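The values are calculated or read from the model by the stated rules, or taken from the named source; none is laboratory data. Bear in mind the structure is a predicted one, so any value in this text is a computation, not a measurement. Note: ideal-geometry Cβ built from the backbone for every residue, glycine included; neighbour counts use all protein chains shown. We work out accessible area using only protein heavy atoms, side chains counted, and drop any ligands, DNA or RNA first. Shrake-Rupley method; radii C 1.70, N 1.55, O 1.52, S 1.80 Å.
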Amino acid sequence: AKQRGKANWVRYTAGMEKPAQADAQLGGDLRRALDAGEFTLVYQPIVDLRDGRTIGVEALVRWLHPERGMVSPAEFIPAAERTGLIVPLGRWVLRETCRQVAAWAAEFGLEPLQKVGPNVSVRQLHDPDFVADVRAALADSGLPADRLVLELTESAVLRGHQVLKVLHELHDMGVRLALDDFGTGESSLSLLRAFPAAIVKLDKSFVDNIELGEEGSAAANARQAVARAVVQLADALGLDTVAEGIENQEQVDRLRKLGYTVGQGYHLGRPMDAAAMTARLAAQQRD
Ligand code: C2E
Ligand code: CA
Ligand code: CA
Ligand code: CA
């Protein structure tokens, strides 16, 4: 399938006046869409900045609505969280990610698949079956637990006792946890102590215009200072980093100078369908 740009995405709720009414309709539609198989995953490469090789993928969900076209996850994920549909949808994302990545691992080996991330909503962590679902997705696919990286945000909610217990169970299984959008949450730093994270993903907002640092832009200098602090903190705590939202080579160069070795972004590879990712992995294996 050809990759659609954001410009082609539709606003799902356009024309619906009341949010509650829109949610109720969207909740029903999401259920139907899940049963009808309208969701699909795209995969964005996670790249070693030193040699450009793919070393992982992030799985991102897409909803191809039969009449409306491609609906952005930025729009339907919040609604899926409010209506609870994120639990069955997230379960599907997890299973499909493990299935696809295990197939790639069988074909291309584990070297390009060191970090394999589906996004997980906090709401899923409150589902009593979540740990069992992860265990089953790994067992059914044959994917080794240490390949799976669950990307989590919403730091404040993650501190609940029950949620931390779940995160420690996953950690004990060998599954890694990544703190997504790192630096944007108010409690990022204190959370790192309580939370068994293995990876921090530097939020795109600190990467934007970072290449303009040291050229008189105070804002860019500030972002650069945060980016540097995050990588130093991660190194001190023994965590891996991924810099997100890299859109040009100047950003790669600047991030490398700051100490980042792994990144993600349109400059390194856009989210692509499974067939395109298969081709990318095959090309990499040839050289
Ligand atoms: P995220 O996890 O922070 O994912 C990164 C988003 O940034 C993706 O948008 C990706 O396409 C986009 N992106 C990557 N590189 C660049 C870049 O260089 N420039 C720009 N401008 N954007 C870039 P997407 O796919 O629209 O996803 C948006 C958000 O929706 C995700 O943010 C994540 O929070 C959520 N999401 C997506 N899939 C899932 C899912 O399966 N489950 C859950 N719970 N949330 C999901
Ligand atoms: Ca993510
Ligand atoms: Ca992110
Ligand atoms: Ca985000």
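Data overview
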item	result
Relative contact order [Cα under 8 Å, 6+ residues apart], the chain, whole percent	19 percent
Filtered GluC sites (Glu not before Pro), segment 207-287: DSSP coil and at most 14 other beta carbons within 10 Å	Glu214, Glu215
Accessible surface of segment 215-287 [probe 1.4 Å, protein heavy atoms]: carbon and sulfur percent	50 percent
Unit Cα scatterers, Debye sum, the chain: log10 I(q)/I(0) for q = 0.07, 0.10 Å⁻¹	-0.26, -0.55
Value of [θ]222 nm, deg cm²/dmol, for the chain, DSSP H segments ≥ 4, -39500 (n - 2.57) each, nearest 500	-14500 deg cm²/dmol
Per residue accessible area in Å² of the chain, where ligands, DNA and RNA are left out and the probe is 1.4 Å	46 Å²
In the chain, lysine pairs closer than 21 Å at Cα, eight or more apart or cross-chain	5
Low-density loop positions, GluC sites (Glu not before Pro), segment 30-120 - DSSP coil, at most 15 other Cβ in 10 Å	Glu67
For segment 225-266, average projected area of the Cα convex hull in nm²	2.7 nm²
Local electrostatic count, His267, Cβ distance below 10 Å [Lys/Arg +1, Asp/Glu -1]	-1
